[in-house]
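Step one of this worksheet: look at the structure below.
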Amino acid sequence: MSCVDDDTFRGFYMPAEWSPLRRLWVTPPHNAETWPGCLEGAQEQFAEFMRIAGMYLEVATTPQLGIATNDSWIRDYGPIFVINDEGQIACHDFQFNGWGGKYETRNLDNEVPRQIAQHLDLPCCTHSMVLEGGSIDVNGCGTVMTTRQCLLNENRNPAMSIKEIEAELHRALGTRHVIWLPGGIEGDDTDGHIDDVARFVDPQTVLAPRAAPEHPDFAVLERNWDALGQTRDQDGQPLRRIALPVPEPISYDYPPDRWGPGGLQMVPASYANFVMANGALLVPIFGQRTDDSALKIFSQTLPDYCVIGVPADLLVVGLGSLHCLSQQEPQPTSISTN
């Protein structure tokens, strides 16, 4: 059903990720085609991610509820939780078409939001619009940030205009302003998800990777950086930009099936794919010299947070990382800052 105009959902909004969280929803790595030749190693890194996250909030897994999935990227197919000023929780269920139909049908993944909502006994609004959670980032004050490459791609919602897409986002997320960045990094099969290229860490501060001129991602990251410098927040104020380093290009030797012709392919390694969890900042690291400088920037930018590096060099073989593998549920007592 479509319910964006339903009174049940009026006054709800998507809180920022630094708001108090009740739990983190995850689906452990289980698809050997997603992690060819390294599934066990990816599972070990995921277990470390869960161990650390579990120190700061409850972690719930879809297998615990008997929910079957095609893959583990619950950020993209899971429920998008919203809250109102009374602290009530609800969720939105957007359509998931496997990142523009790149892979086999993802019917199991597409059912996950309704199943979690039923388990939690929450109102759930089902939309006809295709939207992945990794394609949006909010500041909790009325602004949503995304990329043109993803949301305006013909493989998502070809019949919707940019104004219609913005209106749907605002009705569902409780926002009133959209920041459009150009696109995403090499190796990202999502058509440019925002959670690899720019993330809010407070209402006016965005962390965004910037690469050296010889790096394959230099051009697009510079376009994103310039766009951030020219845009404003929902109140017309300029954003504070902080640059993150970029790891040296990481390639993996894929078999000739899911990844086109196979062979060495660049993976989307990004420090922007972090998770904020009740005072902890979990940052993917890749065994590179840039790891320490990235963690230092996070610590300097967010001195009240416990910044923790989580090995993700095998997780990213699946073309995603910590943020992609999780979806946050807010605490019912959160207070609106809209």
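In table form, for the structure just shown:
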{"item": "Filter result for Arg223 (under 24 Å from Arg10 (Cβ atoms) and surrounded by fewer than 19 Cβ atoms within 10 Å (Cβ to Cβ))", "result": "no"}
{"item": "Odd one out for Asp291 among (1) surrounded by fewer than 17 Cβ atoms within 10 Å (Cβ to Cβ); (2) under 22 Å from Asp188 (Cα atoms); (3) acidic (Asp, Glu)", "result": "(1)"}
{"item": "Single residue of Tyr305, Tyr252 found to be among the aromatic types (Phe, Trp, Tyr), over 23 Å from Thr190 (Cβ atoms) and either surrounded by 13 or more Cβ atoms within 10 Å (Cβ to Cβ) or under 19 Å from the mean Cα position of the chain (by Cα) (or both)", "result": "Tyr305"}
{"item": "Pair list, Cβ < 7 Å and 6+ apart or interchain, from segment 268-286 residues that are open to solvent by 10 Å² or more (accessible area, probe 1.4 Å) to residues that are not in a loop (DSSP other than H, G, I, E, B)", "result": "Ala269/Val316; Asn278/Leu21; Gly279/Cys306; Ile285/Asp291; Ile285/Gly309; Ile285/Val310; Ile285/Pro311"}
{"item": "Tally of residues being without any contact (Cβ under 8 Å) to a residue 24 or more places away in the chain, charged (D, E, K, R) and either touching a helix residue (DSSP H, G or I) at 6+ places or on another chain (Cβ under 6 Å) or not in a helix (DSSP H, G or I) (or both) across segment 290-318", "result": "0"}
{"item": "Helices (runs of 4 or more DSSP H) fully within segment 106-203 counting 1 or more residues that are within 19 Å of the chain's Cα centre (by Cα) and within 23 Å of Ala16 (Cβ to Cβ)", "result": "112-120, 148-151, 162-173"}
{"item": "Single condition Thr146 does not satisfy, out of (1) open to solvent by less than 10 Å² (accessible area, probe 1.4 Å); (2) touching a residue at least 60 places away in the same chain (Cβ under 8 Å)", "result": "(2)"}
{"item": "Given (1) surrounded by fewer than 20 Cβ atoms within 10 Å (Cβ to Cβ); (2) in a helix (DSSP H, G or I); (3) at pLDDT 95 or above, index of the condition Ala42 fails", "result": "(1)"}
{"item": "Subset tally (residues that are small (Gly, Ala, Ser) and within 15 Å of Ser321 (Cα to Cα)) for segment 277-311", "result": "2"}
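Here is a yes/no grid of residues against (1) without any contact (Cβ under 8 Å) to a residue 24 or more places away in the chain; (2) touching a Ser or Thr at 6+ places or on another chain (Cβ under 7 Å); (3) open to solvent by 50 Å² or more (accessible area, probe 1.4 Å); (4) under 26 Å from Leu228 (Cα atoms):
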| residue | (1), (2), (3), (4) |
| --- | --- |
| Ile162 | yes, no, yes, yes |
| Ile165 | no, no, no, yes |
| Gly174 | no, no, no, yes |
| Gly183 | no, yes, no, yes |
| Asp189 | no, no, no, yes |
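Yes or no, residue by residue, for (1) without any contact (Cβ under 8 Å) to a residue 12 or more places away in the chain; (2) closer than 25 Å to Asn153 by Cα; (3) not in a loop (DSSP other than H, G, I, E, B):
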{"position": "Pro213", "(1), (2), (3)": "yes, no, no"}
{"position": "Ala219", "(1), (2), (3)": "yes, yes, yes"}
{"position": "Glu222", "(1), (2), (3)": "no, yes, yes"}
{"position": "Asp226", "(1), (2), (3)": "yes, yes, yes"}
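The values are calculated or read from the model by the stated rules, or taken from the named source; none is laboratory data. Note that the structure is predicted; figures quoted are calculated from it, not measured. So basically every Cβ, Gly included, is an ideal-geometry build from the backbone, and we count neighbours across all protein chains shown. For accessibility, only protein heavy atoms count, side chains too; no ligands or nucleic acids. Shrake-Rupley method; radii C 1.70, N 1.55, O 1.52, S 1.80 Å.
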